[in-house]
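The structure appears below as C-alpha cells.
The values are calculated or read from the model by the stated rules, or taken from the named source; none is laboratory data. These numbers were taken from a predicted model, which means no experiment stands behind them. Cβ atoms come from the backbone with ideal geometry, glycine included; neighbour counts cover every protein chain shown.
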2 protein chains.
Amino acid sequence: MQKTSIKKRVTLKDVANAVGVHVSTVSRALDPRTRHLITPEVAEQILKASERLDYRQNAAAYSLKTNRTRTIGVVVPDITNPVFPPIIRGVEDALASRGYVAILGNTDGDMRRETGLVETFRSRGVDGLILASVEREDAAVSKLAAEGLPVITVNRRVDDSTVASVVNDEAEGIRRVLTHLVSLGHRRVANIAGPQSLSTGAARYAGFEKYRGPMGLVDDRDLVVFANAFNEAEGERCVEELLACGAEFTAIVCSNDRLAVGAIAALSRHGLRCPEDVSVTGYNDMPMVERMQPPLTTIRIQSNKVGFEAGQLLVKMIERPPGEYEAEHIVLPIELIVRGSTRAIRPPNGRGRETG
Amino acid sequence: MQKTSIKKRVTLKDVANAVGVHVSTVSRALDPRTRHLITPEVAEQILKASERLDYRQNAAAYSLKTNRTRTIGVVVPDITNPVFPPIIRGVEDALASRGYVAILGNTDGDMRRETGLVETFRSRGVDGLILASVEREDAAVSKLAAEGLPVITVNRRVDDSTVASVVNDEAEGIRRVLTHLVSLGHRRVANIAGPQSLSTGAARYAGFEKYRGPMGLVDDRDLVVFANAFNEAEGERCVEELLACGAEFTAIVCSNDRLAVGAIAALSRHGLRCPEDVSVTGYNDMPMVERMQPPLTTIRIQSNKVGFEAGQLLVKMIERPPGEYEAEHIVLPIELIVRGSTRAIRPPNGRGRETG
DNA sequence: TTGTAAGCGTTATCAG
DNA sequence: CTGATAACGCTTACAA
C-alpha cells in the first residue's frame with residue numbers, strides 16, 4: 001500500500017532511520033573514501049538499505065556544503081559547426097566516468113556572449129571550464145585562470161601560456177599538406193588563411209610562411225589572402241579576391257574544410273575545375289567531406305581525443321590539491337588524408353621544370 | 001589595497017552588511033517577484049550594492065531551498081550525429097533566455113545508458129528532461145512523466161501519448177517525396193525503411209505504405225527492406241538486399257539521409273548511377289548533403305525549431321502550477337528540397353506509359 | 001567506531 | 001515594510 005504517485009525524494013535521514021543509525025554514519029558509509037571508518041557489517045546494511053530505498057545524493061546539498069558541483073562548463077562558438085560535436089563528445093566521455101557532467105553554451109563567436117556565459121557558469125559554481133571559443137587575446141580568460149579556476153582551452157589556445165590547452169599540431173599539418181602538394185609538382189601554391197585572431201588561423205598561416213620557402217614554393221604576396229571567418233562564404237570570397245589579383249596558382253591550401261568547400265564552389269563558378277585545374281586542401285576532416293565532389297584532401301585532427309584529453313586533464317586539475325602547478329599544454333598529432341581534390345599538375349607544357 | 005587573488009564569493013550577507021539591512025531584505029529586493037514588498041529607495045541601494053560587489057546568487061543554496069535547479073537534462077543518442085546539434089542548439093537558445101541551462105548525455109542507442117543518464121540527471125535534480133533517444137516502447141519514460149517530472153521527447157515520440165513531444169510531420173514528408181517521384185514518372189519505387197522500434201522509422205514507413213497504393217505505385221513486397229539502424233552501412237546493406245532479391249525499381253525512398261548516402265554508394269559499386277539509373281531520396285536535410293555528388297533530394301526538417309519549441313514547452317510545463325495538464329504534442333511542418341539525386345525516368349523505351 | 005552539532009547560502013514563515 | 005528564525009540535505013570537526 002505504498003504511495004507511488006508523489007514520491008518525496010529519499011534522504012540520508014530516511015536511510016538512517018531505516019537502518020537505525022545516525023545520518024553521519026550513513027554519509028560515511030556511502031562515501032568510499034570514508035567507508036573504512038565504519039564497521040563492515042553496518043556499512044553493508046547501510047549500502048543495502050540505500051539501494052533498497054533508492055537513495056540518491058542531493059547534489060545541491062552536497063554542493064552547498066563542499067563548494068563543489070562536479071559540473072564543468074563547456075563553451076563553444078556553435079555546436080552546429082561539425083568541428084565541435086566530436087570534441088564535446090570526448091569531453092563528456094571523459095567526465096562521465098568520473099561523475100562529472102557538462103553544461104554547454106554557444107557564443108556564435110561573440111566575445112561578449114562568451115563573457116556572459118562564463119558569468120552564468122561561475123554563478124552556478126562550475127568546478128572548471130573548457131573553452132573552445134577563445135581568441136588569442138582574451139584577458140578575461142587569463143584572469144579566470146589566475147583566480148585559480150581550472151580552465152582549459154581546446155582546439156584553440158590563448159597567447160598567454162598560463163592557461164592550459166589541448167590543441168592539434170597545426171604547423172605539422174600544414175607541413176604535411178605542403179609536402180604532399182610539392183610531391184605532386186605544385187610550385188605556385190596559394191593560401192586562404194583563417195582569421196588571425198584565432199590561434200588556429202594564426203598557427204596554420206605561420207606554418208605556411210615557415211615552410212613554403214624551404215620547400216621551394218613560389219613566394220608571392222598575392223598568393224595569400226585572409227578569411228575573416230572559417231566558413232564557406234569566406235572561402236568563396238577569398239577565391240574571388242585571389243582571382244581578381246590575377247594571381248597564378250595550381251593549388252590552394254585552405255585553413256579549414258569549410259573554406260575549402262567554399263573555395264571549390266567559387267572556382268567552379270569561374271570554370272576552374274578541382275582537381276583538374278587547381279588542387280585544393282582543407283583542414284579538420286569534418287564529417288561528409290569524403291563524400292563531396294571531389295572528396296577533399298585534408299588534415300584529420302583527433303577531435304574526440306582533443307575533448308577527451310581536455311576532460312581528463314581538467315578533472316586532474318580540479319582534484320589536485322589547490323595551488324601552484326604549471327599549466328599543461330597538450331599537442332595532438334594529426335594525419336594527412338589524401339583524397340580526390342589534389343592531383344599532380346598537368347604535364348609541363350613547354351616551360352620545362354624548375355631550376356636545379 | 002583589496003586582495004584580488006583568492007576572492008571568496010560574495011553572499012547575500014555581504015550585501016546586507018554593506019547596505020546595513022538584513023539578508024532577508026536583500027533576498028526580497030533582488031527577486032523581481034518580491035521586490036514590491038520593500039521601499040523603493042532601499043531596493044535601489046541594495047541593487048546598487050549587489051552590482052558593485054558583484055553579487056551572484058549561489059545556485060546550490062537556491063536549489064537546496066527551493067528544490068529547483070533551473071537545469072534540464074538533454075539526452076541524445078550521439079551528439080556527433082549531425083541531426084542532433086541543431087536540435088540541441090534550439091533547446092539551449094530557448095532555455096538561455098529563461099535562465100535555464102542544459103546538461104547533456106549520449107546513449108549511443110543503448111537503452112540501459114539512457115536509464116543510467118536519467119538517473120544521474122534526476123540525482124542532480126533537473127527540473128525537466130528532453131529526450132531525443134527514446135524508443136517507441138519506453139516504460140521508464142512513461143513512468144517519469146507519470147511521476148510528475150516534466151518530460152518531452154523531441155524528433156521521436158513514445159507510443160504512450162501521455163508524454164509530450166515535438167516532432168516533424170513524417171507522413172507528410174513521405175507524401176511529398178512520393179508525389180515528387182510520381183511526377184517524375186517513377187512507378188517502381190523501393191523503400192529503405194528505418195528501424196521500426198523508433199517512431200521516425202515507423203511513421204515514415206507507415207506513410208510509404210499508406211500512400212503508395214493511392215498514388216499508383218507498384219505495390220510489391222520485395223520493394224521494402226528494413227534497416228536496423230539509421231546509418232550509412234545499413235543503407236548499403238539494404239541496397240545489396242534489394243538487388244539480391246532481384247527487385248526492379250527506378251527510385252529508392254530512404255528513411256533518412258545517412259541511409260541514402262549509403263544507398264548511393266552501394267548502387268555505384270554495382271554500376272548503377274544516381275540519378276541516371278535510379279533516383280534516391282533522403283530525409284532530414286542534414287548539413288553537407290547539398291554538396292554531395294549528386295546533391296541529395298530530401299525532406300528538410302526544422303531541427304532548430306524542434307529544439308526551440310521543446311525548450312519553450314518544457315519551461316512552460318516546469319513553471320506551470322503542478323498538477324493536471326494534457327501532454328502537448330507539437331508537429332512541425334516539413335519542406336521538400338529537390339536536388340540532383342532525383343530525375344525523370346528515362347524515356348519509355350517501347351513499353352509505353354501506364355494504363356489510363 | 002559512532003553520535004552530536006554546526007554551518008554552507010538561500011527562501012519562507014511569522015512577528016513586529 | 002523589515003527583521004528574526006527555521007529549514008532545505010549534506011559533510012565534517014569534535015566529542016563520546
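Have a look at A:42, A:21, A:26 and point out the one that is near DNA strand D (Cβ under 8 Å from one of its atoms), in contact (Cβ under 8 Å) with a residue 12 or more places away in the chain, away from chain B (no Cβ under 13 Å) and β-branched (Val, Ile, Thr).
After ruling out the rest, the residue left standing is A:26.
Given the conditions (1) within 12 Å of chain B (Cβ to nearest Cβ); (2) touching a Lys or Arg at 6+ places or on another chain (Cβ under 8 Å), report the number of the one that residue A:299 does not fulfil.
(1)
Determine whether region B:214-232 contains at least one residue that is farther than 17 Å from residue B:278 by Cα and in a helix (DSSP H, G or I).
yes
So, residue B:91, is that one at pLDDT below 95, farther than 21 Å from residue A:10 by Cβ and in a helix (DSSP H, G or I) or not?
Values: at pLDDT below 95: no; farther than 21 Å from residue A:10 by Cβ: yes; in a helix (DSSP H, G or I): yes.
Criteria not met by residue B:91.
Would you confirm whether any residue within region B:92-99 is touching a residue at least 60 places away in the same chain (Cβ under 8 Å) and within 7 Å of chain A (Cβ to nearest Cβ)? Reasoning before the result, please.
Here is the first cut: in region B:92-99, the residues touching a residue at least 60 places away in the same chain (Cβ under 8 Å) are B:92-95, B:98.
Imposing the further condition that a residue be within 7 Å of chain A (Cβ to nearest Cβ) reduces the set to B:92.
Yes: region B:92-99 contains one or more residues that are touching a residue at least 60 places away in the same chain (Cβ under 8 Å) and within 7 Å of chain A (Cβ to nearest Cβ).
Return the only residue of A:49, A:60 being under 39 Å from the mean Cα position of the chain (by Cα) and either surrounded by 14 or more Cβ atoms within 10 Å (Cβ to Cβ) or away from chain B (no Cβ under 12 Å) (or both).
Numbers: A:49 fails: under 39 Å from the mean Cα position of the chain (by Cα).
Result of the check over A:49, A:60: A:60.
Do you know which residues across region B:108-149 are surrounded by 24 or more Cβ atoms within 10 Å (Cβ to Cβ) and in a loop (DSSP other than H, G, I, E, B)?
Residues satisfying the conditions are B:126, B:132, B:133, B:134.
Determine which single condition residue A:48 fails, assuming it passes every other condition in (1) farther than 30 Å from residue A:310 by Cα; (2) of a type in the set (D, E, K, R); (3) within 16 Å of DNA strand D (Cβ to nearest atom).
(3)
Is there a residue in region B:10-19 that is more than 13 Å from DNA strand C (Cβ to nearest atom) and either surrounded by fewer than 11 Cβ atoms within 10 Å (Cβ to Cβ) or among the hydroxyl-bearing types (Ser, Thr, Tyr) (or both)?
So the first thing to find is which residues in region B:10-19 are more than 13 Å from DNA strand C (Cβ to nearest atom), and the list is B:19.
Of the ones still in play, those that are also either surrounded by fewer than 11 Cβ atoms within 10 Å (Cβ to Cβ) or among the hydroxyl-bearing types (Ser, Thr, Tyr) (or both) are none.
Checked region B:10-19: no residue is more than 13 Å from DNA strand C (Cβ to nearest atom) and either surrounded by fewer than 11 Cβ atoms within 10 Å (Cβ to Cβ) or among the hydroxyl-bearing types (Ser, Thr, Tyr) (or both).
In the set A:66, A:25, which member is modelled with pLDDT of 90 or more, more than 20 Å from residue A:101 (Cα to Cα) and within 9 Å of DNA strand C (Cβ to nearest atom)? Full working, then the answer.
Values: A:66 fails: more than 20 Å from residue A:101 (Cα to Cα).
Just a single option satisfies the conditions, and that option is A:25.
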